[in-house]
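The values are calculated or read from the model by the stated rules, or taken from the named source; none is laboratory data. Keep in mind that what you see is a predicted model, and the values were worked out from it rather than measured. Using ideal geometry, Cβ is built from the backbone for each residue, glycine included, and neighbour counts are taken over all protein chains shown.
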Amino acid sequence: MKITIQQYEHTVSHEVPHNDVDLDEAIMMCEGLLKATGYVFSGNLEIVDEWKENDDWKLQIEQG
């Protein structure tokens with residue numbers, strides 16, 4: 001698997017020798033590429049179920 005980000009004349013790639021990349025590994029690859037192209041953030045990227053969070057938040061408000 002190979003992921004490439006091209007930003008104007010700057011190109012950054014990350015390649016692994018296999019195609020069975022799980023979602024966590026793909027996210028780590030994207031995180032590294034974003035940082036390599038100059039994005040600055042602390043912490044880690046993660047996938048969040050926005051609908052579940054919104055439902056939990058609404059429930060907390062209703063129970064108040």
State which residue is modelled with the lowest pLDDT when the search covers only segment 30-63 and only residues that are surrounded by fewer than 10 Cβ atoms within 10 Å (Cβ to Cβ) and among the charged types (D, E, K, R).
52
By residue number, the members of segment 2-19 that are modelled with pLDDT under 90 and among the acidic types (Asp, Glu) are 9
Scope segment 1-29; condition part of a helix (DSSP H, G or I) and surrounded by 14 or more Cβ atoms within 10 Å (Cβ to Cβ); matching residues
26, 27, 28, 29
